[in-house]
Amino acid sequence: MTQKEAVEQTLERLGGIATLAQLYKETFEIKECVWKTKTPFASIRQIVQLDKNIYKIKPGLYALKSHQKELEGLGILVQTEKNKDSQEIQQFNHSYYQGLLLTIGNMRKMQTFVPNQDKNKLYAKQKLGDIRTLQEIPNFSFDNIVQRISTVDVIWFNQRNMPDSLFEVEHSTDIQNSLLKFNDLQDFYTRMVIVADEHRHEEYKKKLDYSSFENLKQKGRVKFLNYADLEKQYKQELEKQELSFVL
């Protein structure tokens, strides 16, 4: 079996769609294919980019063209100028970036959580609830604080069950709502990040200038992470998997 066939077979076995992380893990389970290279992950990346039977949905997310109609029926769409403002794209983008954040957190050995109302949303064909490592939020503080934080889009917890990082994905909703949430949680020593398209950066800075968020701004409690940089960091985490030792 050729390497190209092995990648296509893996995609088929995963329902016609897979992240690079899934391909890196699952493709080498096919014993009929021998990878005589020191950089097999790079070979997979080259195959998904060049194989005419495969198309890119998002950076790090690829699918078989034979499954495209089925995937579009599930709301897994390639973004275009024509559909970029549609509700379907907005919903897909939100769950996609939640999935990226969960995956990065898992690779960094964090405990990860998404709100229960999001657990059935799809990242590739995986439910976000199946990617998160925590099915219930740790009872780390007073009930009202735990309830407040449980609505954050993605949370990384450390091994002591304390929140390490809070991420709010703002594709189309009001950034001010996320800042209000972070404002309520400012007494915790945790990173708080707004994740959005770069075109919303100015909006984020204007909202952060509101007097209500003075403490957040002065103390540098909240950061802005654009989608492109998040995708780059995902790729960097994947590249680390190729190394025998990471400093």
Share of Cα-Cα pairs in the chain lying beyond 32 Å, as whole percent: 26
field: Rough spin-label spacing in nm, given labels placed 7 Å along Cα→Cβ, for Glu202 and Arg148
entry: 3.2
- request: Write down the radius of gyration of region 54-115 and its Dmax, each obtained from C-alpha positions, in Å.
  value: 13.3, 39
task: Determine how many Å³ per residue the convex hull of the Cα atoms of region 30-163 encloses.
output: 147
- prompt: Using mean Cβ contacts within 10 Å as the protection proxy, how do 99-112, 152-165 order, highest first?
  reply: 99-112, 152-165
- request: Return the FRET efficiency for the residue pair Lys235, Asp209: r is the Cβ-Cβ distance, R0 is 35 Å, and the value is rounded to the nearest 0.05.
  value: 0.60
task: Compute the label zone of Lys84 within region 193-214: residues whose backbone N is under 13 Å from the point 7 Å along Cα-to-Cβ.
output: 197-200
- prompt: Given a cut-off of 20 Å, what percent of all Cα-Cα pairs of region 145-247 lie beyond it?
  reply: 44
message: Given R₀ = 25 Å, what would the calculated FRET efficiency be for Lys65 paired with Trp35, taking r from the Cβ atoms and rounding to 0.05?
response: 0.55
- request: With label points built 7 Å along Cα→Cβ from the Cα atoms of Glu12 and Leu50, find their separation and express it in nm.
  value: 2.2
message: How many angstrom lie between the Cα centre of region 1-35 and the Cα centre of region 45-73?
response: 13
With Cα atoms, 0 to 90° folded angle of helix 87-107 axis to the chain main axis: 90
- request: Report, in degrees rounded to the nearest 10, the 0 to 90 angle that the Cα long axis of helix 3-13 makes with the longest principal axis of the chain.
  value: 60
Antiparallel bridge percentage (DSSP; both residues within the chain; nearest 5): 60
statement: Among Lys4/Lys25; Lys31/Lys125; Lys119/Lys181; Lys56/Lys84, the pairs whose Cα-Cα distance exceeds 18 Å are Lys31/Lys125; Lys119/Lys181
Residues in region 103-130 that a label on Asn158 would reach, taking backbone N under 19 Å of a point 7 Å out along Cα→Cβ: 105-113
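Only the coordinates and a few stated rules stand behind these numbers; no lab work does. Everything numeric here is computed off the predicted structure, so don't read it as measured data. Cβ coordinates were reconstructed from backbone atoms using ideal geometry, including for glycine residues, and neighbour counts include every protein chain displayed.
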